[in-house]
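Colleague: Mind having a look at this structure? Questions to follow.
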Amino acid sequence: MDEKTLVESLKQHDPEAFRLVYDKYHQRLVYLSYGIVHNTEDAEDIVQEVFIDVYDAIYNFKQESKLSTWLHRITMNKSYNLLRYKRVHNIFTRLEASLLQKPDKPDDDEEKDEKIEQLHKAIAALPKRQNMVFTMFFYEKMPQKEIAEIMGVALPAVEQLIFRAKNNIRKKMGTNDI
């Protein structure tokens with residue numbers, strides 16, 4: 001089956017066409033994702049999401065490139081998004097954990113309480129949309145795509161709001177640790 005016919009069958013949600021695409025590309029996409037995230041389970045999860053996205057978004061594929069190129073691009077984007085999420089999430093988790101650790105000295109307790117309060121005030125002082133995105137992303141651990149759907153904005157807008165929120169918190173706290 002040529003690629004054009006295969007894509008048309010995918011657009012008709014033909015199960016056999018999906019089986020062919022899955023069988024042909026699954027392992028290659030897992031290897032690609034693993035090369036980025038360096039975790040087998042994450043790579044498998046990402047590839048499963050890729051195939052769900054293909055099923056849902058095949059209508060968006062304009063055939064300006066090969067199907068394999070489109071699949072690889074989706075896989076790479078999802079893999080890098082996971083890395084970015086983990087990196088940013090780990091930074092905030094470490095910051096909060098360091099602030100909440102039991103102090104060795106009574107004076108440290110007050111300082112940590114002040115920093116926690118400062119962090120919470122910085123978050124509360126964010127503009128409404130930044131606060132919403134920040135809370136959904138870091139505290140509720142929602143994927144950026146889901147946040148975009150909830151807020152009715154494009155994915156790049158969510159990424160930009162997260163970036164701006166982090167910068168605003170850094171400024172208010174006077175730190176580059178975030």
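Colleague: Of these, Ser9, Ser68, which one is free of Cβ contacts under 8 Å to residues at least 40 places away in the same chain and not assigned by TED's automatic domain parsing to the domain that holds Met142?
Modeller: Ser9
Colleague: Val133: outside any helix (DSSP H, G or I) and among the hydrophobic types (A, V, I, L, M, F, W, C), yes or no?
Modeller: No.
Colleague: Let me ask something else about it. What are the pairs, 6+ residues apart or on separate chains, where a residue within the stretch 108-126 that is within 16 Å of Phe163 (Cα to Cα) and outside any helix (DSSP H, G or I) has its Cβ under 8 Å from a residue that is of a type in the set (Asp, Glu) and modelled with pLDDT under 80?
Modeller: none
Colleague: Which count do you get for residues in the stretch 47-72 that are more than 19 Å from Leu20 (Cα to Cα) and either surrounded by 11 or more Cβ atoms within 10 Å (Cβ to Cβ) or of a type in the set (Val, Ile, Thr) (or both)?
Modeller: Summing the residues that are more than 19 Å from Leu20 (Cα to Cα) and either surrounded by 11 or more Cβ atoms within 10 Å (Cβ to Cβ) or of a type in the set (Val, Ile, Thr) (or both) in the stretch 47-72 gives 0.
Colleague: Can Val153 be described as crowded, with 16+ Cβ neighbours inside 10 Å and over 11 Å from the mean Cα position of the chain (by Cα)?
Modeller: no
Colleague: Go through Ser65, Ser9, Ser79 for me and flag whichever is within 18 Å of Pro143 (Cα to Cα) and of a type outside the set (Asp, Glu).
Modeller: The unique qualifying residue is Ser79.
The values are calculated or read from the model by the stated rules, or taken from the named source; none is laboratory data. Please read these numbers as outputs of a predicted model, since none were measured by experiment. Here Cβ is always computed from backbone atoms with ideal geometry, including for glycine, and neighbour counts include all displayed protein chains.
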